[in-house]
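Undergrad: Have a look at this one.
Every number in this text was worked out from the coordinates using simple rules, so none of it is lab data. All values reported here derive from a predicted model rather than from experimental measurement. Note that each Cβ is placed from the backbone with ideal geometry, even for glycine, and that neighbours are counted across all protein chains shown.
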Amino acid sequence: MALNPFFLQGASSEQRLVQDLINEQLRMFGVDVTYIPRKFVNTESVFQEVQSSKFDDNFSIEAYVNTYEGYSGAGDVLTKFGMSLRDEVTLTVSKERFEDFVAPFMAGLDDGSGTGEIILSTRPREGDLVYFPLGQRLFEVKFVEHEDPFYQLGKNYVYQLKCELFEYEDEVIDTSIDAIDTQIEDTGYITSLQLVGAGRTASVSAAVNVSNGYVREIFLNNDGYGYTSNPTIKFTAPTTGVSASAVGILTTKANVTSIKEILMTGAGQGYTEAPIITISGGGGTGAAATCSIESSEKGVIQFNVTDSGVGYNTVPNVYVYPSTVGAAATANIGIGSTGQIESITITESGEYYTTAPIVTIDPPPNRMAPIQSVYLSAGGSGYTDGDQFFAVSGGNGQMATIRAVVTGGSVSSVYSTPLFGGGNYLMWDVLTLLGGNNDATVTVNNVSNAYFEGGGQATAVANIGAGGTVTDITVLDGGFGYMGPPPFGGSLVTITNDGANKSVPGNCDGSFCNAVGIASIGITGSDRVIRSVYIKDPGEGFAQSGNLTPYVVVDSPDIISGVGTYIFNEVVQGMRSGIQARVKEWDVDTLVLKVSNVGIGTTNAQGFFPGETIKGLESGALFANVEFTREDTADKYNDGDIFETEADSILDFTESNPFGTY
């Protein structure tokens, strides 16, 4: 039959009273814990398997510690993979407090489809985390009991969270609370990236043989087999001179290791006939090589690294060109102008330009007290008849230029206003007209007390012909205020010589062949540098015009300068591989970046490429990667690597497998 309607089984006022009393007790005898809901980042679409999750929200809530006598659970257990900590704790939280202060925020991430970041937002969920501040530890909720105590006055008032010590499995924890986030800073599968901060282009010099007879080319007639290390390469010595030297580079194909190529470390000199090459050592056999010599030309016989550079993650190219001659020119000032450059005369056309060089004309000089007018003092003799320009003495390097008329070798008259007034003159100065017998003079009639800025700077461009020489220079803007043509203090014209070399490496044009080197990269500290340069092709014809100093070009390093500071927990990405990972630690001194959650790149790469730029997507930091290996360097829950290392020192498999042959 029905319950007695005259007795209440739980009035709402009584239920509120019980809930208030429980809330008050939790505030009096509980501790403040941080509840961290789990968000699903990536779910497998077929089986709905959670592949990755993150914890980036936090809610402070009071909780009573049921296991007040200490942690429960199995405690510390020694497993075959090391020590496993299995502490447990049971916490009681208010149902009302959770529903009022936590659930509303979680509800915004629950779209009701069962596929959102949060599924079931109305109560605590298994898999969420709780930060226990007394022990400074993270616990994972394994079970939520919501019916204990059992329906007092017809209602439940608390949740009991049965938690186990959290074992990290590549989850992203980014709550913005340092005490929580740093709990897993050195935990989990962490790999290290050795980065490089600032690159520097290496400098290499090339030595050319003084006496003829160097090794021109090596022919690998048989690559041999069975090599376990680099073989020794020896050349017979010349009668007088220096022996050649080389190294063998190995390659492995189909489990057979042979010699890929032989590179010279020195081409030698003084050979009158091709030396005999002997290949020995390295555990292999069967390799044989011969060579040819160059007996009449000059070539590169050795490379010397003068600056190892920094930041070479990939092998750079080293090219050697013949010494070149840069172009040169002088400017011509227009007659009767106010100091404009009308044309430029090429005094040296240069050679081997592949692109038009840059022409630079210095700006006109600033000046104080220029001449405003002069009159003829003495006509002198020995001058060339006609309407002439003369530079006058004085001016402390800013000589004035005047126009005069010469008749019968003597100056008959002068134009009172100078073409260029120069600077630093005084009234009544007597000035000599330079040229002739230097005995004609003018007297300064007036000078200006004003300070004059230099004037307008002239500009020009050069053109090159098919032979790589500068054929002409075109004046784009003549400027104004120039003092006069050289050597009378005229403008300085400079022409770049950067492009003065052959463009095709190893190219032979009949008169010479470019030399080519191959760099060997090594690691010094955290930097990848050029250790040495081998001779790939010594070239020939490097003694043009008696100049034995060739022009060596080394490629720039992979990164010129690193910038920025990586932020803990931000995502970094390899700019070539597309791989993303999360920052665990960034050491600005050693340039070591520790990352976790390493994914697979857009190119299906399994690791960051050597030399690629690692960019922080939040910080914008940019550094180049030196090397990357997928090794578990920090996982306190897995000591398998230590066990394996120790086992290797006990078990000896060099003779035979003690467990038998399978």
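Undergrad: What number, in percent, do you get for the relative contact order of the range 367-452 if the mean sequence gap of Cα pairs under 8 Å and at least 6 apart is divided by its residue count?
TA: Across the range 367-452, relative contact order equals 43 percent.
Undergrad: If you don't mind, there's one more thing I want to ask. Could you pull out every residue, at least 5 positions away or on a different chain, whose amide H is within less than 5 Å of the one on E297? Hs are placed 1.01 Å off N in the peptide plane, and Pro or chain starts have none.
TA: G213
Undergrad: What percent do you get for the relative contact order of the range 12-183 when only Cα pairs under 8 Å and 6+ apart count? Numbers along the way, then the final one.
TA: Details: 321 pairs, mean separation 41.6, N = 172.
The normalised contact order for the range 12-183 reaches 24 percent.
Undergrad: Sort S203, S410 so that the residue with the fewest other Cβ atoms within 10 Å of its own Cβ comes first and the one with the most comes last.
TA: So the residues, fewest neighbours to most, are S203, S410.
Undergrad: Anything over 22 Å Cα to Cα? Flag those among K39/K142; K39/K162; K162/K584; K594/K615, in the order listed.
TA: Cα-Cα > 22 Å for K162/K584; rest within.
Undergrad: Where a ≥ b ≥ c are the square roots of the eigenvalues of the C-alpha gyration tensor, would you call the range 12-183 rounded, which needs a/c under 1.5, or, failing that, prolate if a/b is larger than b/c, or oblate?
TA: oblate
Undergrad: Per the Cauchy relation, a quarter of the hull surface: what is the mean projected area of the convex hull of the alpha carbons in the range 367-452, in nm²?
TA: Its Cα hull, projected and averaged over all orientations, spans 4.5 nm².
Undergrad: Compare the peptides 222-233, 144-155, 23-34 by average per-residue count of other Cβ atoms within 10 angstrom and give them in order, highest first.
TA: Going from most to least packed, we get 222-233, 23-34, 144-155.
Undergrad: Quick one: what are the phi-derived ³J(HN,Hα) couplings along the range 21-29, Karplus 6.51/-1.76/1.60 with θ = phi - 60°, whole Hz, x for glycine and proline?
TA: 5, 5, 4, 5, 5, 5, 5, 7, 10
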